[in-house]
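The values are calculated or read from the model by the stated rules, or taken from the named source; none is laboratory data. Values in this document were obtained by computation on a predicted structure and should not be read as measured data. Here the Cβ positions follow ideal geometry from the backbone for every residue, glycine too, while neighbour counts run over all protein chains shown.
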Amino acid sequence: MPKKAVEQGSLWVKTRTKAGVHFVGGVAGLALQVLPTGGRTWVLRVMVGGRRREIGLGGYPDVTLAGARDKAREARDKIVRGIDPVAERRAARSSLDSKNAATKTFEQCADAYMAAKAPGWKNAKHGAQWAATLKAYAYPVMGKLPVQDVVLAHVMSVLEPIWTTKPETASRVRNRIELVIDWAAARGYRDKDNPARWRGHLDKLLAAPTKIARVQHFAALPIDDMHSFMERLRQVQGMGALALEFAILTAARSGEARGATWAEIDREGKVWTIPAVRMKGGREHRVPLSDAALVVLDKALAMPRPEEGDLVFPAARGGPLSDMTLTAVLRRMKLEATVHGFRSCFRDWAAERTSFPPEAAELALAHAVGNKVEAAYRRGDLFERRRVMMNAWAEFIDHEPAQADVLPLHGATHAVA
């Protein structure tokens with residue numbers, strides 16, 4: 001038991017400036033500790049389970065003398081009841097730390113989810129779209145909420161204002177909220193049902209996106225205008241015009257054509273192989289090259305180009321052409337069609353003016369098709385049919401079309417299986 005000190009008053013405490021421990025009386029073991037730095041703090045020296053303990057009670061003057069004595073008495077009462085105040089405080093702090101670690105906001109979970117998934121995404125643009133949509137629509141409603149506390153009302157507050165006006169965006173936002181909450185549950189930050197789940201839940205409250213979404217078609221030329229357009233296009237000078245012509249002849253997307261490299265071109269085999277990393281579907285795509293497409297490549301090779309780089313259609317200062325470069329070609333030609341619209345034109349031509357199998361046209365556009373056709377594609381037979389089709393497409397473009405003509409497959413070897 002510490003020696004009982006003379007009970008001191010507040011003025012005495014205020015004047016203690018010498019470094020050391022100054023017992024203040026009133027409660028056995030209570031002292032004001034003056035640190036070498038000048039700071040002052042309250043300590044209680046006691047015996048707990050046969051061991052000497054020094055319990056901190058807070059700093060002075062934030063904790064007054066009276067407050068320190070109250071804390072000291074409370075600590076001694078616990079010791080009498082068999083409770084170790086130090087161990088109790090340590091356990092409480094550990095519990096609080098654990099609770100704080102497990103309490104993540106929706107925004108924190110979304111950021112962690114995106115960081116975890118980013119290496120598997122096709123490009124940085126996808127991640128940027130994720131972040132932008134959540135920031136614009138979800139975060140204002142639930143971003144700062146603990147993910148454990150997100151309920152149906154929050155999800156509906158995000159979705160209802162945009163569900164019918166921006167159905168495609170709303171559907172993506174819903175899916176992203178669902179994925180983030182599922183991730184949080186897997187990490188132990190949430191133990192409730194997912195309020196953003198569609199099947200068997202939100203589908204009972206909201207109209208199906210496919211029922212309200214309006215399909216936006218890309219402006220395309222009428223099929224019979226292709227010949228005259230291509231004649232005009234071939235009079236336009238510049239790398240952008242060549243890249244556009246190449247995209248049309250190969251039915252490729254703008255980005256696929258603009259990013260084409262010479263390493264992807266097999267001139268002898270007349271094949272352009274686009275690696276999976278550059279494809280929208282994430283799968284390698286082989287494109288048969290018609291003679292007309294090879295002529296475009298020859299013209300591109302003869303054009304002035306930067307000394308470095310392997311791009312087929314480089315920008316004047318290096319790097320790929322921008323999408324706006326190809327669009328600008330169309331604008332200068334006073335054409336309202338879009339670059340992507342020429343893919344629609346190709347598909348319409350294949351369906352309305354030829355007897356090529358629909359799956360061949362879909363594969364030419366790098367669209368997903370049934371498993372059996374995909375297997376045939378990998379064996380190469382549909383690739384050869386597509387070669388005939390792409391040559392027919394180039395031939396159609398080069399000649400004034402006869403109305404309602406249907407181009408047959410040439411020879412029995414190319415008949416539909």
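Yes/no per residue for (1) more than 11 Å from Phe106 (Cα to Cα); (2) more than 20 Å from the chain's Cα centre (by Cα):
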residue	(1), (2)
Trp121	yes, no
Val141	no, no
Val151	yes, yes
Val180	no, no
query: Pick from the range 250-290 the residues that are touching a residue at least 24 places away in the same chain (Cβ under 8 Å) and loosely packed, with under 12 Cβ neighbours inside 10 Å: which of them is farthest from the chain's Cα centre (by Cα)?
result: Ala263
- line: Residue count, the range 138-148, condition assigned to a helix (DSSP H, G or I) and either in contact with a Lys or Arg (Cβ under 9 Å, 6 or more places away or on another chain) or β-branched (Val, Ile, Thr) (or both), comes to 5
- request: Select from the range 13-24 the residues that are out of contact with any helix residue (DSSP H, G or I) (no Cβ under 9 Å at 6 or more places or on another chain) and surrounded by 15 or more Cβ atoms within 10 Å (Cβ to Cβ) and list them in ascending order.
  value: Arg16, Phe23
- prompt: Which of the following residues is of a type in the set (A, V, I, L, M), at pLDDT 95 or above and closer than 22 Å to Ile223 by Cα: Ala337, Ala328, Ala350, Ala292?
  reply: Ala292
message: I need a count of the residues in the range 1-50 that are more than 15 Å from Arg69 (Cα to Cα), at pLDDT below 80 and not aliphatic (A, V, I, L, M).
response: 4
field: In the range 295-311, the residues that are of a type in the set (Lys, Arg) and more than 38 Å from the chain's Cα centre (by Cα)
entry: Lys299
field: Lone unmet requirement of (1) touching a residue at least 40 places away in the same chain (Cβ under 8 Å); (2) more than 30 Å from Gln148 (Cα to Cα) for Tyr113
entry: (2)
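Condition check ((1) more than 30 Å from Pro119 (Cα to Cα); (2) not β-branched (Val, Ile, Thr)) across all residues:
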{"site": "Val236", "(1), (2)": "yes, no"}
{"site": "Met239", "(1), (2)": "yes, yes"}
{"site": "Phe246", "(1), (2)": "yes, yes"}
{"site": "Gly259", "(1), (2)": "no, yes"}
{"site": "Arg278", "(1), (2)": "no, yes"}
{"site": "Val287", "(1), (2)": "no, no"}
{"site": "Val296", "(1), (2)": "yes, no"}
- prompt: Which of the residues that make up the range 57-94 are exposed (fewer than 11 other Cβ atoms within 10 Å of the Cβ), assigned to a helix (DSSP H, G or I) and modelled with pLDDT of 75 or more?
  reply: Ala66, Val80
- line: Just one listed residue, out of Leu179, Leu242, Leu206, is within 30 Å of Asp398 (Cβ to Cβ) and either in the same structural domain as Lys117 (by TED's automatic domain parsing) or of a type outside the set (Gly, Ala, Ser) (or both), and it is Leu242
